[in-house]
Amino acid sequence: MANVVNFHLPADDVERASRFYREVFGWEFTAFPNSPVPYLVHDGSGAGIPAAITPRGEFVKAPAPTIEVNDIDQSMLDIAMKGGQQGRVQTIAGLGRFGYAIDSEGNVIALIQPSR
């Protein structure tokens with residue numbers, strides 16, 4: 001069974017969003033090491049589940065869950081075969097293989113196959 005392991009909060013200004021969530025909810029975000037884009041992470045303490053603030057892009061415009069999978073290539077194929085749209089998968093050093101997809105209802109979801 002795949003689990004939701006975090007959720008992404010897209011932002012026009014990641015620092016402003018980080019300040020908002022800290023001041024309103026007490027969540028502390030830190031920069032993910034060596035990220036090529038601003039990517040702030042929260043470990044889930046106080047939030048119930050880890051969160052990440054990412055730059056809003058043309059693809060991710062609303063909060064999106066990240067689902068951990070054992071085989072991201074097979075999961076992307078399953079998504080396409082069951083009415084969704086698969087996306088490009090990339091390797092993120094120290095994290096694993098990651099990609100966005102669209103479910104059968106048009107919602108953006110993220111998939112992660114952690115490095116083992």
Per 5 angstrom bin, beginning at 0 and ending with the bin that holds the maximum distance, the Cα pairs of segment 66-108 fall in percents of 6, 23, 33, 24, 9, 4, 1
For the chain, the charge dipole (Cβ of Lys, Arg +1; Cβ of Asp, Glu -1; about the Cα centre) points to a positive end, and the Cα of Val108, Pro63, Thr91 closest to that extreme belongs to Thr91
Other residues with Cβ under 15 Å from the Cβ of Arg22 give, with Lys and Arg +1 and Asp and Glu -1, a net charge of -3
Rounded to the nearest whole number, the Stokes-Einstein translational diffusion coefficient of the chain at 37 °C and 0.692 mPa s (Kirkwood radius, C-alpha pairs) in µm²/s is 224
From DSSP H assignment alone, runs of 4+ in the chain each adding -39500 (n - 2.57), the sum over residues rounded to the nearest 500 puts [θ] at 222 nm at -5500 deg cm²/dmol
So Ser115 and Lys82, fully extended at 0.36 nm per residue minus their Cα-Cα distance, gain in nm 9.2 nm
Subtracting the Cα-Cα distance of Glu15 and Glu28 from 0.36 nm times their residue separation yields 3.5 nm
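Just so you know, all these numbers are worked out from the coordinates, no wet-lab data involved. What you see is a predicted model; the values in this text were computed from it and never measured. With ideal geometry, Cβ positions are generated from the backbone for all residues, glycine too; neighbour counts draw on all protein chains shown.
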